[in-house]
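J.: Have a look at the structure that comes next, please.
The values are calculated or read from the model by the stated rules, or taken from the named source; none is laboratory data. The structure displayed is predicted, hence computed values, not measured ones. Cβ sites come from the backbone with ideal geometry, for glycine too, and all protein chains shown count toward neighbours. Side chains are part of the model used for accessible areas, which takes the heavy atoms of the whole protein and leaves out ligands, DNA and RNA. Shrake-Rupley method; radii C 1.70, N 1.55, O 1.52, S 1.80 Å.
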Amino acid sequence: MKSEKRTGMRITVNCRECLEQLELYLVGALPEDEAAAVRFHLHTCQTCAAEAATYAPIIEALHYTPPLVAAPPTLVERVAALPAQHPRAAAHPHRTRWPSWNTLAAVLVIGLLFANIWLYRNWRTAQTELQQQRNLIAHLAEEQWRAVHLNVDEPLQTAPVQAAFYYSEDDPTAPGYLIIRNLPPPPAGKAYQLWLIRPDGVRDSGGLFRGGETVVLPVEPPTSWHAYQELGVTIEPAEGSPGPTGPRVLNGGL
Amino acid sequence: MLLLALILDEDDTDLMHRVAHGDEAAFRHLYEKYLDAVYSMALKITRDPHMAEDIAQDVFLRLWQRAGQYRSQRGRVLTWLLSITRNHAIDRIRYDNRRPVAEEELDLTRLETANRTIWQAFEDDVLRLSLDELPPEQRQCLELAFFYGLSHSDIAEMLNVPLGTVKSRIRLGLQKLRAIYLEEGQEQSKSPASDV
Ligand SMILES: [Zn+2]
């Protein structure tokens, strides 16, 4: 359903059109839809990408041409204060919301004294994961993350499923995150599989996952997110498929 | 402050790795080294010292929180910071719907170091590129796009010239810079090609 809109937006350019617009693209003078078409072409055409690469040192050097102005002392103070104002989750992994977890843990420990220690450990791991998920979701709410909302296909339309994929515009080679709420478990012996769809229709697997109240799937792009045009999720055998075979449940354009 | 950090000359990639693990001393080294450059880029684009301060602070907050996203094979740390700063500042002026104003409106002469460009402060192997090499009209179009985020049609409207003229000024300008600095200027040290 999205592809009709996309052809109207000139999602593809050929080599001649790409090279005609290359300098405009590199300095940011193209409107976003035209820039996207050139970007896609550069990710799929080595010849044009090689031409673009000849400009890389010039584009880099342009960043260094503004007049150098000393940062005001007030700014230096503000930046110096950042680590204290924003303690790092990684540096203090167990600090966040610890008192309430502590209370809960104490109550649970009594209950578990006669139960299996293994169960308790699992619970702790789950709580840590839950907190990590919350941290991640708060982090994804920040501005440089681009959110792509996924459409829910027919097999899941009775469930209150919400799904989005997040990736960094600034660093399209960094991992993206697929976040799904209220995803029912897949049928017995099956799993959900994410597909990354290139402009030429080739599908790369983005990973397997199961249902849950909140699914968080980190996805490493094989190259760059800019190399992909769409995402899809299908129901596949539990061990996964080399290509989609089952019904599609989620889809969206990148 | 900047000089001291340059003398210490710690490896940036190493510093970024340490910041990614929450090392405050490494963070301090990086901002002592690069805060002026980041502020200068933000000021160049916004022409507003207060907004430039906010942007520079945001960029260093991102550095503090997300140094792990930096990939050394994609280019040097300062280029990464300047590129984030540029994107952020362009977003801000677009959000505020502000037009670029004349250079004279910002009194840069008050500020002691404004007679140098960012590259002059760094003993680095980035191309020593000067936009003065270009005819003024090519330089103007290139800067309006690169530093102020204006599209070719915005520029054509602003300068009241045909769209085709703007396109060819930008193309010729960039081609000329490449010819001067890369094809003829072999004495210039080249930087490794980064992923554009
Ligand atoms: Zn091509």
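J.: So, in the range A:34-66, how many residues would count as being within 12 Å of the ligand (Cβ to nearest atom) and small (G, A, S)?
T.: Summing the residues that are within 12 Å of the ligand (Cβ to nearest atom) and small (G, A, S) in the range A:34-66 gives 4.
J.: If you don't mind, there's one more thing I want to ask. Counting only residues that are among the acidic types (D, E) and either in a strand (DSSP E or B) or more than 14 Å from chain B (Cβ to nearest Cβ) (or both), which one in the range A:155-214 is least open to solvent (accessible area, probe 1.4 Å)?
T.: A:D204
J.: Could you tell me whether A:P66 is at the interface with another protein chain (Cβ under 7 Å from one of its Cβ atoms), in contact with a helix residue (DSSP H, G or I) (Cβ under 6 Å, 6 or more places away or on another chain) and farther than 24 Å from B:R86 by Cβ?
T.: no
J.: With the requirement that a residue be charged (D, E, K, R), at the interface with chain B (Cβ under 7 Å from one of its Cβ atoms) and either at positive phi or open to solvent by 30 Å² or more (accessible area, probe 1.4 Å) (or both), what does the range A:69-88 give you?
T.: Matches in the range A:69-88: A:R78 only.
J.: All but one of (1) among the hydroxyl-bearing types (S, T, Y); (2) under 18 Å from the mean Cα position of the chain (by Cα); (3) at pLDDT 95 or above hold for B:S130; state the number of the condition that does not hold.
T.: (3)
J.: Further, regarding this structure: Could you tell me which residue of the range A:11-32 is least open to solvent (accessible area, probe 1.4 Å), considering only residues that are part of a helix (DSSP H, G or I) and more than 11 Å from every other protein chain (Cβ to nearest Cβ)? Give the derivation first.
T.: Residues of the range A:11-32 that are part of a helix (DSSP H, G or I), as a first pass: A:15-26, A:32.
When the remaining residues are screened for being more than 11 Å from every other protein chain (Cβ to nearest Cβ), the result is A:15-18.
Values: A:C15: 58, A:R16: 146, A:E17: 48, A:C18: 0 Å².
Here the residue is A:C18.
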